[in-house]
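The values are calculated or read from the model by the stated rules, or taken from the named source; none is laboratory data. Keep in mind that what you see is a predicted model, and the values were worked out from it rather than measured. Cβ sites come from the backbone with ideal geometry, for glycine too, and all protein chains shown count toward neighbours. SASA here: full protein model, heavy atoms, side chains in, ligands and nucleic acids out. Shrake-Rupley method; radii C 1.70, N 1.55, O 1.52, S 1.80 Å.
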Amino acid sequence: MPEIRVTPLGAGQDVGRSCILVSIGGKNVMLDCGMHMGFNDDRRFPDFSYITRNGRLTDFLDCVIISHFHLDHCGALPYFSEMVGYDGPIYMTHPTQAICPILLEDYRKIAVDKKGEANFFTSQMIKDCMKKVVAVHLHQTVQVDDELEIKAYYAGHVLGAAMFQIKVGSESVVYTGDYNMTPDRHLGAAWIDKCRPNLLITESTYATTIRDSKRCRERDFLKKVHEAVERGGKVLIPVFALGRAQELCILLETFWERMNLKAPIYFSTGLTEKANHYYKLFITWTNQKIRKTFVQRNMFEFKHIKAFDRAFADNPGPMVVFATPGMLHAGQSLQIFRKWAGNEKNMVIMPGYCVQGTVGHKILSGQRKLEMEGRQVLEVKMQVEYMSFSAHADAKGIMQLVGQAEPESVLLVHGEAKKMEFLKQKIEQEFRLLPDAKKPRLLHGTLIMKDSNFRLVSSEQALKELGLAEHQLRFTCRVHLHDPRKEQETAMRVYSHLKSVLKEHCVQHLPDGSVTVESILIQAAAHSEDPGTKVLLVSWTYQDEELGSHLTSLLKKGLPQAAS
Amino acid sequence: MDPECSQLLPALCSVLADPRQPVADDTCLEKLLDWFKTITEAGSSLLLLQENPCLLGLLCHVLKPQDLSPRVLSFSLRLAGMLAAQEDCFQYLQQGELLPRLFGEAGPLGGAAWTAPSVRSGWIQGLRSLARHPSALCFLADCGAVDTIFSLQGDSSLFVASAAGQLLVHILGLSLQGPAEGHPGLQTGDWPVCAQKIVSHIEESLRSAATPQITQALNVLTTTFGHCHDPWTQVLWGRLSPLVACLLEKDPVPAAHSLVDLLLSVARSPVLSSSSSGLWETLAQTLSHLSPTQAGPLALGILKLQECPQVLRAQAFAVLLQPLTCVLEATAQAPGLLDSLDGTGGASVTVDTLLPSKAACVGLLCRTLAHLELLQPLPQRPSPWPQAPLLGATVTILRLCSGSATPTSDAGGHLCAFLVGCVRVQRAALDFLGTLSQGTGPRELVTQVFAVLLEYLTSPDSSPTVLKKAFQATFRWLQSSPETPGCSDLDPHAHLFLRELLPVLPKRLCSPCWEVRDSGLEFLTQMIGRWGGQAGFRRALLASEVPELTEQLLRDPESYVRASAVAAMGQLSSQGLRVTPASPEHPGGQQKSLLAELLHILSTDSEGFPRRAVMHVFTQWLRDGHADVAGDTERFVARVLQVASQDLDWEVRAQGLELALVFLEQTLGRPSSHCPYAVTPPVAAPPSSLAQALRPLCRVQLFEFAFRALFDCDRPVAQKSCDLLLFLRAQTASYGGPQGSGSVPEVASVEAALQRWQAGDQGQPLGYLEPEVVVAVLRSMDLEGLRGALAESSDRVEKSPQSLLQDVLATVGALGEDEADCY
């Protein structure tokens, strides 16, 4: 077995300040560099002393990888790079690179504004930190150096979220970050190929939960907002600038349009323009519905949602306001809350988690008399609702991912110890991660004959000992289809067709336009001579031989005619 | 403890003791412990226990066999340790045999809960707090805790293992506080049993064949000698140093990194370094035994020591320079350079042995360059400092990396193959090159430095991070260039370089990478700030496309670049360097449009960075009396304040107040200086009456902005406004005579508006205010009280212990599945 050392510097058996150090094949990689909002002192950042005592950070670490823009995964990055002194490369996806500084700036402003912290990273530091970032594309193999390579996979969860495969020689680790295995209103489901890593490090926030349908939660949310507005109340939705805010905006915008509602909806941050700009810019990262409708109408160009002005809070009549920050701990959202809290017709909807000490946490735990500054007591008469729109994989989703990636071992992080214990047993039962000779495998082992000795070793070990790289054989086939439409549209038709026919298999439409069914990859290309014909390039591995043949014969029969 | 908290405490304890009522998150328990720590540090723990018997109840309760969460058990262990830190409270807890039940074999130590790392960590931290007095030492010996700590040094949890090592250091120090302090000559055989046990354990570990055990022992010693400089450390080192020296005889040297740390810790200790006769020999021996990678940090540590034999320093410096010597040798540099760089004068190592593979070569060179960069500015750096060879080696490395060097030897060829295109080495070498600008060098080498910098700035292969460092190094070198005598201009040499550099800059300002455009603009801003007033630089800049391109970048899609362009344009304009091609000598024609353009950015840019940059430029312009501003200052201030006051970014509003303060100072005069020799810059003649003085401020509507800002939802804005108004009130007092005679209805209406704003209402603008009304309102306000309230952080109420207790109690059972989530 290769030696892979994993040291969680944060979010090992809890949530917050995600930071995991992985040592693989002599390389050291830091996965995420988050902060914990529950603390205001040193404890808010991961304990970097373990790394700093190994000499200069830049010499010790080969790279830092950030999975997505949430602060519990990137909030300590400027501190780490500009104050602790890491000067090496930082990898993240393009959307994360674009959005990360907005949230870091937001966080800095709150820390300085609310707590008056002087010894905090500055705007300049955020910028200098972002200059060290190398942005990566999905499925692009990035060579960090001659030996270390990384590859990003789609993770759902939030715009730009990615899972990363880290590979040194024949050893590899996959780190999921946060991910979601079910598509939501604006993002698709996480997907990874059968990369068979030595280790899969997966989040386990909902390790013991099978979550209810998100549609139900959305219906509930709309019903509550609608009722409040109908009775003439004002609805406050505290949010962080990016992420859930956009999802809820789409939800309300569509509902308002459908119901022909007139009550104004405002977004108060001033950041919405930029946030929405990024959702437009990175449209390929959103889900199929949004991409599809983008041609007719951009979902992020809102008709009903307008910029908020502070004076609007005093306007009579119903309204819905999205305001930052999301935990009601400072700034605009808190100001509006104080103004509206006394009226029972009004409502506040908390769409996310709130840390202890924030007003959001207090009202969610049922406290109705809040002591404010100057010993004033604020009586909360407004309705308080909690709607979780959290986008993590549940137990079923985690199992699904383990099944997709087929790792040798699984390491659970970013969750609670007790729940992890339960999930551990489930994974062991279901996948029998320990070698099992009875389980059919493509290759059980390799017999090495050397120095008059015979040894039976794992195939990975054999590759390592002999210094060979793994080759993967893929069957390929070309299927000609008569279809005058553009290649993307043909691929879309192929996807819809296969989705309806192969219900028991995982059919995916990737952001680059290709379609996958398990390990089978289908790409549509134009015919060099006949513009009315498209060529489907199909390839599959030995393991999926049967399915591959079945699928090609299906495609050869042609696609069903689209309803006009 | 205040009565409210005392009332809530029993409920809290029963919640914690009830396994059916899980506490929401660890942060609450951590914060509770913070609170108990404050209380026990400020007063008697015994009293706390007696006044709050529920605490004792909790500690007893957690010992009962039950399905208690590990986090509550860990919390209780830490709390018990904290309370027992005071000897009387320790005795009180001992009476009930509570401590042995918590920390002894019968406690969690022997139970299933011990498998949870948080419980083991709580156990260690509890003992760490408890070990403060002699009774605690006896307790530790009696309950066999020390043996458990030994085993925890190798714990699977890194944090538990590290804490166990720290605890051993603490116990050793505590046990020797009394006996050995009084008798410095006391040998280890006469030390207390507890200390002897720890020393024997360390000895055993040092003799072990297992590297992890050796590492643990070395780490314990490093921490001990780093924190404690009592005479007993001398005795301890005397006993253990032969064992440490034995480690050097092994091949490879085990736990080399920890060994280096220990030896440096000993060398830094004033007690040990002065007395330990064999120390310098051991250090010298270690330097020669370790691999170049391992020896580097030791060599740097030796060179940083204040007192150290010269021979050892020379050896250390030679070790540090070895890789660079190797580079120079391999690339066949002049032998003179080699001699002065390699202090050993011979026995030079070859590339094959020192830099055998790409990974080793890159790693070692980066480390060496970083070590030298740290050493260069120190007063104790080796003297003479081989500036010229170091410059030569760094330039050579940079050329090898860029592929422009053409080594003739095989070794040079190998190096070239390793280094070409290596961004890591390029970054390290450019950083070091920048640091070397602090010293001088032969003209020929400086020419080479500028040439290699230009090569990097020009090369299309330079990555954005490398370019940024190349810009920084370039600025440092230009800054250090000797100025032409008498005219404070750049020296002709640097001038020549500048002429070549300026055509490169436009290419960088047009780069598709925002990082490069931004670094280029930052560099430009620095250059203008430094040489904007000098004729040669001005001519060269004006002849280039740079000013025009900079202006175009005001509309860059990336907000960081727009902000940097605003700063650069502000500088260009201040120095009269903003020109149009048609009228290079009369830039005034376009100046107004820049003001308009910046105002446009301030009112329309969707990002905070460019708007903040504009405010910074405007404030600087007002301060410097920029031509555009000086023409009609009042109109300028009024417009800027009007836009800034509407901004959603509180930092822009705060900067608006900064600008208002500058205007205020210019109108009323600066705060009086107490220094009789202070040079007072010329200011406008003070207005004869207060009303006359305040009128311009009223006309620009400064007061409405400041009064509104006083109740801003963002605290720094309110603070700044409060300071501004307090300054204003102090200034008005200096005018004397009848003040604040505004008509009563007007004053009342302003005061009513202030109350509305305080309540969070926006209301109608006040419009023009008469100076008398302003003064009257200022007088009636409790600005000092407001300043006091604003000085406290706005979450102080939520952070209070009472709020914490309420939150923990309220949360029980209230949060469902989403008790933890990302943000």
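Within segment A:365-378, count every residue that is open to solvent by less than 30 Å² (accessible area, probe 1.4 Å) and within 7 Å of chain B (Cβ to nearest Cβ).
Residues flagged as open to solvent by less than 30 Å² (accessible area, probe 1.4 Å) and within 7 Å of chain B (Cβ to nearest Cβ) within segment A:365-378 amount to 3.
Of a type in the set (G, A, S) and under 23 Å from B:F159 (Cβ atoms), is that true of B:G96?
Numbers: of a type in the set (G, A, S): yes; under 23 Å from B:F159 (Cβ atoms): no.
No; evaluated as a whole, the condition is false for this residue.
Tell me, yes or no, whether segment A:504-517 has at least one residue that is surrounded by 15 or more Cβ atoms within 10 Å (Cβ to Cβ) and more than 26 Å from A:M181 (Cβ to Cβ).
No, because not a single residue in segment A:504-517 is surrounded by 15 or more Cβ atoms within 10 Å (Cβ to Cβ) and more than 26 Å from A:M181 (Cβ to Cβ).
I'm told A:R43 meets every condition in (1) part of a helix (DSSP H, G or I); (2) in contact with a Phe, Trp or Tyr (Cβ under 7 Å, 6 or more places away or on another chain) except one. Can you identify the failing condition by its number?
(2)
A:P89: at the interface with chain B (Cβ under 10 Å from one of its Cβ atoms) and either at pLDDT 90 or above or surrounded by fewer than 20 Cβ atoms within 10 Å (Cβ to Cβ) (or both), yes or no?
Yes: the conditions hold for A:P89.
So B:G441 ticks every box in (1) touching a helix residue (DSSP H, G or I) at 6+ places or on another chain (Cβ under 6 Å); (2) within 14 Å of another protein chain (Cβ to nearest Cβ) but one. Which box is left unticked?
Answer for B:G441: the failing condition is (2).
Please enumerate the residues belonging to segment A:190-208 that are open to solvent by less than 20 Å² (accessible area, probe 1.4 Å) and in a loop (DSSP other than H, G, I, E, B).
A:A190, A:I192, A:P197, A:N198, A:S204, A:T205, A:A207, listed by residue number.
Being among the hydroxyl-bearing types (S, T, Y), crowded, with 19+ Cβ neighbours inside 10 Å and at pLDDT 95 or above is true for just one of B:T667, B:T619. Which residue is that?
B:T619
Would you mind stating whether A:T293 is open to solvent by 10 Å² or more (accessible area, probe 1.4 Å), closer than 22 Å to A:S388 by Cα, at pLDDT below 85 and of a type in the set (V, I, T)?
no
Looking at segment B:110-124, I want the residues that are within 14 Å of another protein chain (Cβ to nearest Cβ) and have a partner that is assigned to a loop (DSSP other than H, G, I, E, B) with Cβ atoms under 6 Å, at least 6 apart or on another chain. Which pairs are those?
If the second residue must be assigned to a loop (DSSP other than H, G, I, E, B), the pairs left are B:P117/B:S157.
Considering segment A:217-226 alone, what residues qualify as being open to solvent by 30 Å² or more (accessible area, probe 1.4 Å) and over 29 Å from A:V413 (Cβ atoms)?
Once the filter is applied, which keeps residues that are open to solvent by 30 Å² or more (accessible area, probe 1.4 Å) and over 29 Å from A:V413 (Cβ atoms), segment A:217-226 yields A:R219, A:D220, A:K223, A:K224, A:H226.
Among the listed residues A:V229, A:V235, identify the single one that is modelled with pLDDT of 80 or more, open to solvent by less than 30 Å² (accessible area, probe 1.4 Å) and not in a strand (DSSP E or B).
Only one candidate qualifies: A:V229.
Got a number for residues in segment A:115-135 being in contact with a helix residue (DSSP H, G or I) (Cβ under 7 Å, 6 or more places away or on another chain), in a helix (DSSP H, G or I), of a type outside the set (V, I, T) and within 10 Å of chain B (Cβ to nearest Cβ)?
4
Being open to solvent by less than 10 Å² (accessible area, probe 1.4 Å), of a type in the set (V, I, T) and modelled with pLDDT under 95 is the filter here, so list the residues in segment A:169-189 that pass it.
none
Looking at A:T96, A:T58, can you tell me which residue is assigned to a helix (DSSP H, G or I), of a type in the set (S, T, N, Q) and more than 11 Å from chain B (Cβ to nearest Cβ)?
Details: A:T58 fails: more than 11 Å from chain B (Cβ to nearest Cβ).
Matching residue, one of A:T96, A:T58: A:T96.
Hey, can you tell me all the residues within segment A:476-506 that are hydrophobic (A, V, I, L, M, F, W, C) and touching a helix residue (DSSP H, G or I) at 6+ places or on another chain (Cβ under 6 Å)?
Answer for segment A:476-506, where residues must be hydrophobic (A, V, I, L, M, F, W, C) and touching a helix residue (DSSP H, G or I) at 6+ places or on another chain (Cβ under 6 Å): A:C477, A:V479.
Looking only at strands (runs of 3 or more DSSP E) that fall completely inside segment A:418-503, which ones have 3 or more residues that are at negative phi and at pLDDT 80 or above?
Correct list: A:446-450, A:474-482.
Scan segment B:191-202 and give yes if some residue there is at pLDDT below 90 and open to solvent by 20 Å² or more (accessible area, probe 1.4 Å), otherwise no.
Yes, that holds for at least one residue.
Among the candidates A:I210, A:I150, single out the residue that is away from chain B (no Cβ under 11 Å), on the phi < 0 side of the Ramachandran plot and β-branched (V, I, T).
A:I150
Of everything in segment B:408-441, what is assigned to a loop (DSSP other than H, G, I, E, B) and either closer than 20 Å to B:S462 by Cβ or open to solvent by less than 40 Å² (accessible area, probe 1.4 Å) (or both)? Give them in sequence order.
B:V420, B:G421, B:C422, B:S437, B:G439, B:G441
Output yes when any residue across segment B:362-379 is modelled with pLDDT under 85, surrounded by 13 or more Cβ atoms within 10 Å (Cβ to Cβ) and assigned to a helix (DSSP H, G or I), and no when none is. Show your work before the answer.
Let us first name the residues in segment B:362-379 that are modelled with pLDDT under 85, namely none.
Checked against the condition, which is being modelled with pLDDT under 85, surrounded by 13 or more Cβ atoms within 10 Å (Cβ to Cβ) and assigned to a helix (DSSP H, G or I), segment B:362-379 yields no hits at all.
Residues are listed down the side, and each one gets a yes or a no for (1) hydroxyl-bearing (S, T, Y); (2) free of Cβ contacts under 8 Å to residues at least 12 places away in the same chain; (3) under 30 Å from A:P407 (Cβ atoms):
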residue	(1), (2), (3)
A:S458	yes, no, yes
A:G467	no, yes, yes
A:C477	no, no, yes
A:L481	no, no, no
A:K486	no, yes, no
A:Y495	yes, no, yes
A:C506	no, no, yes
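Considering only residues that are in contact (Cβ under 8 Å) with a residue 40 or more places away in the chain, open to solvent by 10 Å² or more (accessible area, probe 1.4 Å) and within 17 Å of A:P325 (Cα to Cα), which ones fall in segment A:114-136?
Of everything in segment A:114-136, just one residue is in contact (Cβ under 8 Å) with a residue 40 or more places away in the chain, open to solvent by 10 Å² or more (accessible area, probe 1.4 Å) and within 17 Å of A:P325 (Cα to Cα), namely A:K115.
Conditions (1) within 14 Å of chain B (Cβ to nearest Cβ); (2) within 28 Å of B:E30 (Cα to Cα); (3) buried (at least 21 other Cβ atoms within 10 Å of the Cβ), marked per residue:
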site	(1), (2), (3)
A:F302	no, no, no
A:F308	yes, no, yes
A:D314	yes, no, no
A:P325	yes, yes, yes
A:H329	yes, yes, yes
A:Q335	yes, no, no
A:Y353	yes, yes, yes
A:G357	yes, yes, yes
A:I363	yes, yes, yes
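Within segment B:336-343, identify whether any single residue is outside any helix (DSSP H, G or I) and at pLDDT below 90, and answer yes or no. Break it down into steps so the answer makes sense when it comes.
If we filter segment B:336-343 for residues that are outside any helix (DSSP H, G or I), which is where we start, we get B:342-343.
Now restrict to residues that are at pLDDT below 90: B:342-343.
So far as segment B:336-343 goes, yes, one or more of its residues are outside any helix (DSSP H, G or I) and at pLDDT below 90.
Table: residues versus (1) open to solvent by less than 10 Å² (accessible area, probe 1.4 Å); (2) in contact with a strand residue (DSSP E or B) (Cβ under 9 Å, 6 or more places away or on another chain); (3) farther than 21 Å from B:D556 by Cα.
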{"residue": "B:R443", "(1), (2), (3)": "no, no, yes"}
{"residue": "B:A451", "(1), (2), (3)": "no, no, yes"}
{"residue": "B:D461", "(1), (2), (3)": "no, no, yes"}
{"residue": "B:L467", "(1), (2), (3)": "yes, no, no"}
{"residue": "B:L478", "(1), (2), (3)": "yes, no, yes"}
{"residue": "B:L501", "(1), (2), (3)": "yes, no, yes"}
{"residue": "B:P512", "(1), (2), (3)": "no, no, no"}
{"residue": "B:E515", "(1), (2), (3)": "no, yes, no"}
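Restricting to segment A:10-32, name every residue that is more than 9 Å from chain B (Cβ to nearest Cβ) and within 30 Å of B:L262 (Cα to Cα).
Selection gives A:G10, A:C19, A:I20, A:L21, A:V22, A:S23, A:I24, A:G25, A:K27, A:N28, A:V29, A:M30.
Test A:E385 against the criterion of being within 14 Å of chain B (Cβ to nearest Cβ) and touching a strand residue (DSSP E or B) at 6+ places or on another chain (Cβ under 6 Å), and give yes or no.
So A:E385 fits the description; yes.
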